[in-house]
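The values are calculated or read from the model by the stated rules, or taken from the named source; none is laboratory data. Model, not experiment: these values are computed from the prediction. Cβ placement follows ideal geometry from the backbone for every residue including glycine, while neighbour counts extend to all protein chains displayed.
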Amino acid sequence: MRRRDFLLSSSAVATAGLLHPRSARAAPAEADTKFLFVLANGGWDIVQAFYDAAPHGNVHTPAGFSLDDSHGDLTYVRSDALPQVSTFFDAHWQQSLIVNGLWTNSVAHESCMKYLLTGGTAKKPDWGAIIASSTADRYTLPHVVVSGSSFAAQLGGVQTRVGTSGKLDGLITGDFINETDSQPGRHGADIEAVLNRHLVQRAEGVEARGEAHIDQLARYAKAMAESDALKHQSLSFSTTRDPTEQANFAMDALSVGLSRCASIAHMDWDTHQDNDDRQSLRFGELFSLLTHIMDGLSSRLAPSGVALSEETVVVVFSEMGRTPSINADLGKDHWPVTSALVVGPGFSTGRTVGGFDELFYGQPIDPDTAEVDAAGVDISAGAFGATLLQRAGVDPGEWLPGFKAIPGLLS
């Protein structure tokens, strides 16, 4: 009997119940919600897309950019130079929530990234890992990171990096062994038979030693089964650096039920020189990508049979903003306040919330209504993350002591 055959037929596996079909596990609506995180890596200049105040002397805005408030309570920046932004919001404004004045507490990339994705600078898991961990038994790759920053901390078992920096393809096929410094010898059939007998004997011994050991065997058997499932997936886990290709993989992983959360990055937003032209180029690319993502989510089915867009929240953010004024190199430097865009079900969409004061700092809001209120609370990265967790059916208090979700951002 081969190792895999023995493990998958073992009574220990049946006892643990870890290989039941996923369709047999009922889950509340929140736990069915999927998340696609899109990170604008480097710090975006929100005056070209999200800034919700009329231009004034303290904040540099490029010529031709103006406030658009033609879509209900959603206000954003419109410009003939950036038709991609208007095209996106014309089509998806009712599903969109813009959050302005989001604090990331630093002007250093690494610190801001940790604040944005985890709510602090300590070693903590990011939003995708936490959400994925809450339903990890339902997914083979609960949180798949195609590109960009991620922080798994103690939840490394739910987070898998693929794409140009991932090794999953090689691990599945066995080709990864060829990338080691020293090449191991290949064993023949006789050695394989010895290994098979040894594992069977060890497994039988595990069954005799009690329930804790049986659970360990069952977890190993489940991993073996999921490894087989990955081998039969039609997806390639090696993608290029092209954001569209990465987004396609992320959406496919959500659609086939492989993952609950997926993360991709859109790179090169750190514009200390030539800010206006370079940021316009990046925003044009980003909003073209977002339109592609929304079209892709609408055309794919979720495992439940509904359109994937009905079960997926797209979260678009950047680890920092950029200064209100232009520097000597016509660039903008790092700024600790930024914006976020949330598109999808379960949020109070069709509106822009929060804002900026005359010095370009974030304004506090009433947490219950999300309206600007001088006596309210700041929109911290921790509170924003707590809101994402609550929407996902995860208790924020378990992971973010000291932070509370913002009810006004939820529907």
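Scanning segment 131-155 for residues that are at pLDDT 95 or above, in a helix (DSSP H, G or I) and either over 13 Å from S259 (Cα atoms) or acidic (D, E) (or both) returns A153, Q154, L155.
Within segment 238-278, restricting attention to residues that are among the basic types (K, R) and modelled with pLDDT of 95 or more, the residue that is surrounded by the fewest Cβ atoms within 10 Å (Cβ to Cβ) is R278.
For (1) over 22 Å from V314 (Cα atoms); (2) touching a residue at least 24 places away in the same chain (Cβ under 8 Å), each residue gets a yes or a no:
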position: N58; (1), (2): yes, yes
position: F65; (1), (2): yes, no
position: T75; (1), (2): no, yes
position: R78; (1), (2): no, no
position: S86; (1), (2): no, no
position: F89; (1), (2): no, no
position: S106; (1), (2): yes, yes
position: K114; (1), (2): no, yes
position: L117; (1), (2): no, yes
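Condition check ((1) in a strand (DSSP E or B); (2) more than 21 Å from the chain's Cα centre (by Cα)) across all residues:
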position	(1), (2)
L74	yes, yes
V85	no, yes
F88	no, no
H92	no, no
E110	no, no
A122	no, no
P125	no, no
A129	no, no
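Consider segment 283-293 and keep the residues that are closer than 21 Å to G64 by Cβ and crowded, with 21+ Cβ neighbours inside 10 Å. The one that is farthest from the chain's Cα centre (by Cα) is F283.
Return the residues of segment 81-140 that are among the β-branched types (V, I, T) and within 22 Å of A302 (Cα to Cα); say none if nothing qualifies.
At the first step, the residues of segment 81-140 found to be among the β-branched types (V, I, T) are 85, 87, 98-99, 104, 107, 118, 121, 130-131, 135, 140.
Hits for segment 81-140 are I130, I131, T135, T140.
Scanning segment 294-312 for residues that are assigned to a strand (DSSP E or B) and surrounded by 22 or more Cβ atoms within 10 Å (Cβ to Cβ) yields one hit, T312.
Out of segment 261-282, which residues are in a loop (DSSP other than H, G, I, E, B) and more than 21 Å from the chain's Cα centre (by Cα)? Working first, answer last.
Our first condition is that a residue be in a loop (DSSP other than H, G, I, E, B); within segment 261-282, this holds for 267-272, 274.
Answer for segment 261-282, where residues must be in a loop (DSSP other than H, G, I, E, B) and more than 21 Å from the chain's Cα centre (by Cα): T271, H272, D274.
Tell me whether segment 382-392 contains one or more residues that are assigned to a strand (DSSP E or B) and buried (at least 19 other Cβ atoms within 10 Å of the Cβ). Let's see the steps before the verdict.
First pass over segment 382-392, keeping only residues assigned to a strand (DSSP E or B): none.
No, there is no match, as no residue in segment 382-392 is assigned to a strand (DSSP E or B) and buried (at least 19 other Cβ atoms within 10 Å of the Cβ).
Tell me yes or no: at least one residue of segment 323-332 is touching a His at 6+ places or on another chain (Cβ under 9 Å), in contact (Cβ under 8 Å) with a residue 24 or more places away in the chain and in a helix (DSSP H, G or I). Checking segment 323-332: not a single residue is touching a His at 6+ places or on another chain (Cβ under 9 Å), in contact (Cβ under 8 Å) with a residue 24 or more places away in the chain and in a helix (DSSP H, G or I). Please determine whether any residue of segment 342-352 is out of contact with any strand residue (DSSP E or B) (no Cβ under 7 Å at 6 or more places or on another chain), buried (at least 17 other Cβ atoms within 10 Å of the Cβ), assigned by TED's automatic domain parsing to the domain that holds H92 and modelled with pLDDT of 95 or more. Among the residues of segment 342-352, not one is out of contact with any strand residue (DSSP E or B) (no Cβ under 7 Å at 6 or more places or on another chain), buried (at least 17 other Cβ atoms within 10 Å of the Cβ), assigned by TED's automatic domain parsing to the domain that holds H92 and modelled with pLDDT of 95 or more, which makes the answer no.
Give V13, V59, V85 a once-over and let me know the one that is touching a helix residue (DSSP H, G or I) at 6+ places or on another chain (Cβ under 7 Å), more than 30 Å from L195 (Cα to Cα), at pLDDT below 95 and crowded, with 16+ Cβ neighbours inside 10 Å. None of the other options fit; the residue is V59.
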